[in-house]
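Undergrad: Okay, handing you the structure first.
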Amino acid sequence: MTSEYVPSPPVAPRRSTELGGEEALALLGSVSLGRVVFTRQALPTIRPVNHVLDDGDIIIRTHEGAALTSRTQKAGDPGVVVAYEADSIDPDTHLGWSVVVTGYAQPVTDPAQLARYRALLRPWVDRSMDYAIRIVPDLITGVRLTEARRSTVVLDVFASRGQGRGESSPGDLEPRPARP
């Protein structure tokens, strides 16, 4: 079975708007799939996982042999530094959002909490997931990608070329020679 890459048609430029922490966490909580980033043998490792958001913390389930399970069980307080990313970006329009949370991963050890997370979060891989990891956010960032207004794009082009300050007309989009 082979798969051919078919590029999407070009789209207009997008405007990237920073998200506040509350809005970013709300968006992260609106999807069930993300990517956890941690260090394994001194190299970055990324794993797709499903999650739930619980009182501002990100909860994922893991299995006994998972590298992240082992790392969090051996780490002391405050835990293992990780990043967690989730997004919803349309592949055709390139509109949507992306959220990155940097924080500390800790194993969930309380039996009642573990039972609760087992009920809330069903693994989507075919294996036993007997452990849960809590990611406590320390830094929350996010961006929303929206359509840039045409006039804004044109004004940005003019501004980057020094236009609009009496140096040339708006219709003149030809590159100018460098100034001495």
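The values are calculated or read from the model by the stated rules, or taken from the named source; none is laboratory data. Since the model is a prediction, treat every value here as computed from it, not as a measurement. Here the Cβ positions follow ideal geometry from the backbone for every residue, glycine too, while neighbour counts run over all protein chains shown. All accessible areas refer to the heavy atoms of the entire protein, side chains included, with ligands and DNA or RNA removed. Shrake-Rupley method; radii C 1.70, N 1.55, O 1.52, S 1.80 Å.
Undergrad: Quick one: how many Å² of Y131 are accessible to a 1.4 Å probe, rounded to 10?
TA: 70 Å²
Undergrad: Per q in 0.28 Å⁻¹, report the Debye log10 I(q)/I(0) for the stretch 53-107, using one uniform scatterer on each alpha carbon and no solvent.
TA: -1.16
Undergrad: Here's something else I'd like to know. Note down the relative contact order for the stretch 12-92 as a percent, whole number, built from C-alpha pairs under 8 angstrom at least six residues apart.
TA: Relative contact order of the stretch 12-92: 30 percent.
Undergrad: List the residues whose amide H sits under 5 Å from the amide H of V108, counting only those 5 or more places along or on another chain, with H placed 1.01 Å from N in the peptide plane.
TA: Residues meeting the criterion, in which the H sits 1.01 Å from N, are A132, I133, R134.
Undergrad: Can you give the extra length, in nm with one decimal, that the chain gains between L120 and T45 once fully stretched, where that is 0.36 nm per residue apart less the Cα-Cα distance?
TA: Taking 0.36 nm per residue and subtracting the Cα distance, the gain is 24.4 nm.
Undergrad: Let me ask something additional. Evaluate E = 1/(1 + (r/R0)^6) for E147 and S30, where r is the Cβ-Cβ distance and R0 equals 22 Å; express this FRET efficiency to the nearest 0.05.
TA: That pair, E147 with S30, gives E of 0.60.
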